[in-house]
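Each remark here refers to the structure printed beneath this line.
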Amino acid sequence: MFTISNFPAQCFIALLFAFCANSLAANWQGTVTKDPAGDFPELRPLHASYHFGWSGLTAATAEVHFTKPSRDKFQVDGTGRTIGLVRVLWKLDVNHRAAASAETLHPIETQQTESYRSKKIVTHLAFTNSGVTQTRTEGQGGATETKTRQFSFPDLFDLHSAALYLRSQPLRDRSVYRVVVYPATNAYLATLTVLKREKISVHAGSYNAIKLDLQLKRIGKHLELEPHRKFRRGTIWVSDDADRLLLRIEAQIFVGTVWAELQSMHFDNPKG
């Protein structure tokens, strides 16, 4: 019970908690990778297809087109949909477009449309050097609702730009990279550790690959780190060559193991 006699103690505890929380926030922010975009060769324009699944079940497909529409901009356009039995239970069609600076590899904007059986969600992200403005419109049964929120943090990434930035780095064994990513509705601290080089076979072929470990922490409204409630950890393989293609992702989540795997790809302008 609150009384005058214990008021100083409660104030002290509150101040101590606030100080510790701020200290922790400052500590993790100090670990974020500050290196500029690396000098690794930029990704060539390409078309790629992926399958997504849960355990041994293929649940969805996606088509990705990566381009450089102008000298100073990279762009990715993607479409995806659930298939088979999963589509009977959970119909979803996704259209995604994202643009990033070709010089800094930081995001410019992202637009994603999710069409479910009975509702549609459109998410737009507009990035600046100091943060992101998210506009999210949800429509269902003829009614729509739009919400806007802002998140302030320097040098944010979306999924597309984070992938471009990380592939530009040296990726030496045991090196660690920490970036703040805002994929749709929340910010996350992503920690990637380069584990080793190994051979991997996917549907698109056999590759020498770089294996990376991925861990995620959700960033709260006061910049405190929180556990991700659904994601436990992930493993990513990219080709260990001049292209550094995304080959496979495996993620341990609350329902088990989900995966994405490269099925086929071709460059728009093949070498030679």
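Bear in mind that the values in this text are calculations on the coordinates, not laboratory data. Here the structure is a predicted model, which is why all the values come from computation and not from measurement. Here the Cβ positions follow ideal geometry from the backbone for every residue, glycine too, while neighbour counts run over all protein chains shown.
Worth a mention:
- Cα gyration tensor category, rounded, prolate or oblate, for the range 71-224 with a/c compared to 1.5: oblate
- Charge dipole (Cα centre; +1 on Lys/Arg Cβ, -1 on Asp/Glu Cβ; no other charges) of the chain amounts to roughly 560 debye.
- Fewest-first sequence of Tyr116, Tyr182 by Cβ atoms within 10 Å of each Cβ: Tyr116, Tyr182
- Taking other C-beta atoms within 10 angstrom as a stand-in for reagent exposure, Ser161, Ser152 fall in the order Ser152, Ser161, fewest first.
- The chain pair-distance distribution - Cα-Cα, 10 Å bins, rounded %: 6, 24, 35, 22, 8, 4, 1, 0, 0
- Look at the dipole of the chain built from charges on Cβ: of Gly256, Leu156, Leu225, the Cα furthest out on the positive end belongs to Gly256.
- Euclidean distance of C-alpha centroids, the range 201-262 and the range 154-180, integer Å: 13
- The residues packed around Arg81, meaning those with a beta-carbon under 10 Å from its beta-carbon, carry a net charge of 0 if Lys and Arg are +1 and Asp and Glu are -1.
- Pairs from Lys91/Lys230; Lys34/Lys211; Lys34/Lys230; Lys147/Lys211; Lys120/Lys217 whose Cα-Cα separation, in the structure shown, is over 32 Å: Lys147/Lys211
- Multiplying the residue separation of Ala126 and Thr33 by 0.36 nm and removing their Cα-Cα distance gives an extension gain of 31.3 nm.
- Per DSSP, loop GluC sites (Glu not before Pro) in the range 190-272 with at most 16 further Cβ within 10 Å: Glu224
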